[in-house]
Amino acid sequence: MKIYTKTGDKGQTSLIGGTRVPKYHLRIECYGTVDELNSYIGLIMCQSIETHHQQVLKEIQDRLFTVGASLAADPEKSKMKIPDLHDDDIELLEKEMDQMNEILPALKHFVLPGGNTVVSYCHIARCICRRAERLTVHLAAESFVDEKMTIYLNRLSDYLFVLARKLNLDAKTEENIWIPRM
């Protein structure tokens, strides 16, 4: 099977269901941003972090493929069975955050991105996740989007923030807090 089809050479692509849309279509922006996020999650997984975190991130990557597939489908024309998100996918993120927060110091200041490389990758992924969420909320205002997609992206950005704090703690790196200049 060839990876190139030449069908997108004129700036159009197909959604699942066959609908042709321009490559700048909001639906394409949504799942393209989810794909970008997934790539950063892979970068975080390649760092020296606990195996448990790597396993959770692998699960997140799988769920992001689910989100991407859902966003890539034309809700009016697609007849293809697409995987869906479950409540436990969202609950996993919440459970992981709760466990990490039990050992993290109380948050008393805004945290500036940084501390070490893997923590910085987490913050970049968090920002991309927020963008994916904003785009998906915009798409949901114009077309059908399963509500769990936006909830999952919202929770995932929170998870990435907490993971950044936990990885800073694990590395014994001082948190980069924001003290506003007055």
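The values are calculated or read from the model by the stated rules, or taken from the named source; none is laboratory data. Computed from a predicted model, the values in this text were never measured in an experiment. Backbone-built Cβ (ideal geometry, glycine too); neighbour counts: all protein chains shown.
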Only listed residue being small (G, A, S) and surrounded by fewer than 14 Cβ atoms within 10 Å (Cβ to Cβ), chosen from A140, A106, A164, A171:
A106
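For the range 15-33: of the residues being modelled with pLDDT under 85 and out of contact with any Gly (no Cβ under 7 Å at 6 or more places or on another chain), which is farthest from T150 (Cα to Cα)?
The residue in question is G18.
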Scan of the range 74-93 for residues that are of a type outside the set (A, V, I, L, M, F, W, C) and surrounded by 11 or more Cβ atoms within 10 Å (Cβ to Cβ), ordered by number
D74, P75, K77, S78, P83, D84, H86, D89, E91
Inspect all residues belonging to the range 137-147 and state whether any of them is touching a Lys or Arg at 6+ places or on another chain (Cβ under 9 Å) and over 23 Å from I28 (Cβ atoms).
no
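Can you tell me how many residues in the range 109-120 are of a type outside the set (S, T, N, Q), farther than 16 Å from I41 by Cβ and either surrounded by 14 or more Cβ atoms within 10 Å (Cβ to Cβ) or modelled with pLDDT of 95 or more (or both)?
The number of residues fulfilling the criteria is 4.
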Looking only at residues that are of a type in the set (S, T, N, Q) and under 26 Å from E76 (Cα atoms) in the range 19-54, which one is surrounded by the most Cβ atoms within 10 Å (Cβ to Cβ)?
T33
Looking at the range 28-38, is at least one residue closer than 30 Å to N168 by Cβ and of a type in the set (S, T, Y)?
yes
Test: residue in the range 148-158 that is out of contact with any helix residue (DSSP H, G or I) (no Cβ under 6 Å at 6 or more places or on another chain) and acidic (D, E)
yes
Any residue that is surrounded by fewer than 16 Cβ atoms within 10 Å (Cβ to Cβ), closer than 20 Å to S143 by Cα, hydroxyl-bearing (S, T, Y) and at pLDDT 85 or above - is there at least one of those in the range 62-73?
no
Hits in the range 34-66 (condition: under 15 Å from M149 (Cβ atoms) and out of contact with any Lys or Arg (no Cβ under 9 Å at 6 or more places or on another chain))
V34, D35, N38, I60, D62, R63, L64, F65, T66
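Checking the condition of a type in the set (D, E, K, R), more than 9 Å from the chain's Cα centre (by Cα) and at pLDDT 95 or above, which residue from R130, R165, R126 passes?
R165
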For the range 114-133, give me each residue that is in contact with a Ser or Thr (Cβ under 9 Å, 6 or more places away or on another chain) and either in a helix (DSSP H, G or I) or under 21 Å from T150 (Cβ atoms) (or both).
V118, V119, A125, R126, C127, I128, C129, R130, R131, A132, E133
How many residues does the range 16-40 hold that are farther than 16 Å from E142 by Cα and of a type in the set (A, V, I, L, M, F, W, C)?
3
Could you count how many residues in the range 45-63 are touching a residue at least 40 places away in the same chain (Cβ under 8 Å) and under 12 Å from the mean Cα position of the chain (by Cα)?
2
